Structures are given as C-alpha cells and as structure tokens.
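Shown next, in structure tokens, is the structure this report addresses.
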Amino acid sequence: LTGIYNNLIEGVYKFGLQLNIQDFAVFEVAQGALPRSADTLDSDVAVLVNLSESHMERHESLKDLALLKAQIFKSKYNSGKLRVAVINRDIPYYDEVEKIALLNNRSVITYGEHPESMFKFLGDTFNYFMFSYKGQTFRARKDSYSKHISINGLGSIAILHALNLNWLDDLELMGQWLSPPPGRGDKHNIVKYNKSFLVIDHAYNANPASVKSALVELSTYPVESNKKRKIAVLADMLEMGDASVQLHEDVGSYFQDLNIDIVILCGELISNLRKTIKKDIKII
C-alpha cells in the first residue's frame, strides 16, 4: 500500500476496511499511528525492523521510543490464529521489546548480527549476503552494496518463515526485491563538467543510524581507479529533539575508520560535526 501518508492512522483505517476483499496486505505503520493502528489491524505477523533516534522531539528517550514501537505487537483477539513478532535482534532495548511481544501472545522470530539471532547475518558481498539458520549456512542474492539492505533482506526471509512459506525457493530471487527505493540508497549516474559522477541518494528520513549506514556504504563502495574521489554531502537531520546538537556532533566520530576524501556540509546543525572529525579530511 504505497503513498506518503498511508502509514498514518487515516491511511491504515482506509485500507484496513478493505481487507475483507484482500488475500493479504502489507502495511508500513508510522510510529505516530501507534498503538491505534495495531488495534485496528491486529496483524498475524508484526515486524520491528530497526530502532534509532528519529522524531525525538516526541520522546523523552530512545527507550521511550522503543516501548512505543513495540506497540506494533498488540493483539486483542485470541482466536487461535497465527500470531508472530519478527524483531531485529540488534535493536537497543531488545529485551523490553520482546517482553511486550510475548505479553501479546506472539511467538518471536529474530534476525540480525546478534549471536542469538534465529536468522544470523554472516556478511555480504555486492551480489550476495550470507546467513545461518539452525546451524546451516545459506546465501541470498542481492544487487546492492548496502549492508543494511542485506539485513533488511534477511528480515524478509524471517517474515516468510513466520508465514510458513518456503523461503529456500526464493533466495536467488531476493535481488529483484531488494532494489532501494528513492532516497534510500538508489543510484544515479551523472555526466557533467566532462566528468562522470555516481550519486548514491540516502537523503530521505535521515537519522544517525541511516547516516552511518550511508557513510559505510560510500566508504566501502568499490571504485575502478584510485583517482576516484569519495565525497559525502551531509545536511541537517531534522526532528532530533533536545539532543539534536549532540547527535550531529556524534556523526563526526563515524569518519575515523572510513575511506572518504571530502565532506560537504549543508546546514547549521550538521556543521557541529567539525568539532568531532579527528581525521585529516577536507571539509567544505
């Protein structure tokens, strides 16, 4: 169900009322729509993909945000139907989130890098990511160099498992599903000033975790020549609440081990990372 406002409560109500004519539906639910959207949908499988500072002007702490997002697992009806929580095992405050899922009579399936993940991420290349399940190692196709895209793909496999679908048949097809949407890592080849540029767009809905993922992708992205420069263009992260200045300063610490040549800063808040970049790197 696509559309910029369909993850809000009005969109959830609108499409939720049509479920009697649908075989299945997938909803993305905004944190601002919780817990009402969870009450409305009473989903068979509820998924918590990630947790990072976002819209923090609404929350006292990251733990407060975690407890709100865990409301996605609310389940009013004990009808004997399938009830599963799929959770990224790497998120902060995982134990508190899992407890809410269990209190709502959901079985829990986990994925991620954490050693206790049911579906454990083992690493990736440009074309594949590897994971283990019950002591066996598998690989799934992808067409992206982004580690977070690989982990999201592993989350998709965990969801298929939750639905009792045979995910083994889909591992080579994963690349078709994991193409980044606009602003979430899509790529653009541009020729200008007699030079060629590859632009990787991560601008949509930036927060500290997504910025870090984007910078790691830029740093590790393969280039054909050592004459190629890697340039990070960073703007302000909005809606970060009272800790906004500190969160922007923290971005500077990400650069210490990264292979990036130039940083271009656009905005007042993001300029704070000048204080924390310890590496000898050109800043504009």
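The values are calculated or read from the model by the stated rules, or taken from the named source; none is laboratory data. Fair warning: this is a prediction, and the values are worked out from it, not measured in the lab. Cβ atoms come from the backbone with ideal geometry, glycine included; neighbour counts cover every protein chain shown. Accessible surface areas use protein heavy atoms only, side chains included; no ligands, DNA or RNA. Shrake-Rupley method; radii C 1.70, N 1.55, O 1.52, S 1.80 Å.
Couple of notes before you dig in:
- Condition check for Lys120: modelled with pLDDT of 85 or more and of a type in the set (D, E, K, R): yes
- Every listed requirement among (1) modelled with pLDDT under 85; (2) farther than 28 Å from Ser244 by Cα; (3) outside any helix (DSSP H, G or I); (4) touching a helix residue (DSSP H, G or I) at 6+ places or on another chain (Cβ under 6 Å) is met by Ala85 save one, (1).
- Flag for Trp167 being among the aromatic types (Phe, Trp, Tyr) and either touching a residue at least 40 places away in the same chain (Cβ under 8 Å) or open to solvent by 50 Å² or more (accessible area, probe 1.4 Å) (or both): no
- When we screen Thr110, Thr137, Thr125 for residues that are of a type outside the set (Gly, Ala, Ser) and modelled with pLDDT under 95, the only hit is Thr125.
- Residue in region 182-191 that is within 21 Å of Val47 (Cβ to Cβ), touching a helix residue (DSSP H, G or I) at 6+ places or on another chain (Cβ under 9 Å) and surrounded by 14 or more Cβ atoms within 10 Å (Cβ to Cβ) present: yes
- Test: residue in region 223-242 that is more than 21 Å from Arg184 (Cβ to Cβ) and in contact (Cβ under 8 Å) with a residue 60 or more places away in the chain: yes
- Output for region 127-151, where each listed residue is buried (at least 20 other Cβ atoms within 10 Å of the Cβ), assigned to a loop (DSSP other than H, G, I, E, B) and out of contact with any strand residue (DSSP E or B) (no Cβ under 8 Å at 6 or more places or on another chain): Ser144, Tyr145, Ser146
- For region 44-81, a residue qualifies if it is more than 20 Å from Glu96 (Cα to Cα) and either crowded, with 18+ Cβ neighbours inside 10 Å or at pLDDT 75 or above (or both), and exactly one does: Asp44.
- Residue satisfying all of: in region 221-242; over 21 Å from the mean Cα position of the chain (by Cα) and open to solvent by less than 90 Å² (accessible area, probe 1.4 Å); farthest from Asp201 (Cα to Cα) among these: Ser225
- First in region 82-108 and open to solvent by 10 Å² or more (accessible area, probe 1.4 Å), second anywhere and aromatic (Phe, Trp, Tyr) and modelled with pLDDT under 90, Cβ under 7 Å, 6 or more apart: Ile100/Phe73; Asn104/Phe73
- Only residues that are crowded, with 18+ Cβ neighbours inside 10 Å and in contact with a Phe, Trp or Tyr (Cβ under 7 Å, 6 or more places away or on another chain) were counted in region 203-220, giving 2.
- Tally of residues being assigned to a loop (DSSP other than H, G, I, E, B) and open to solvent by 70 Å² or more (accessible area, probe 1.4 Å) across region 170-180: 1
- Within region 192-202, the set of residues being within 16 Å of Glu224 (Cα to Cα) and open to solvent by 90 Å² or more (accessible area, probe 1.4 Å) comprises Lys195 only.
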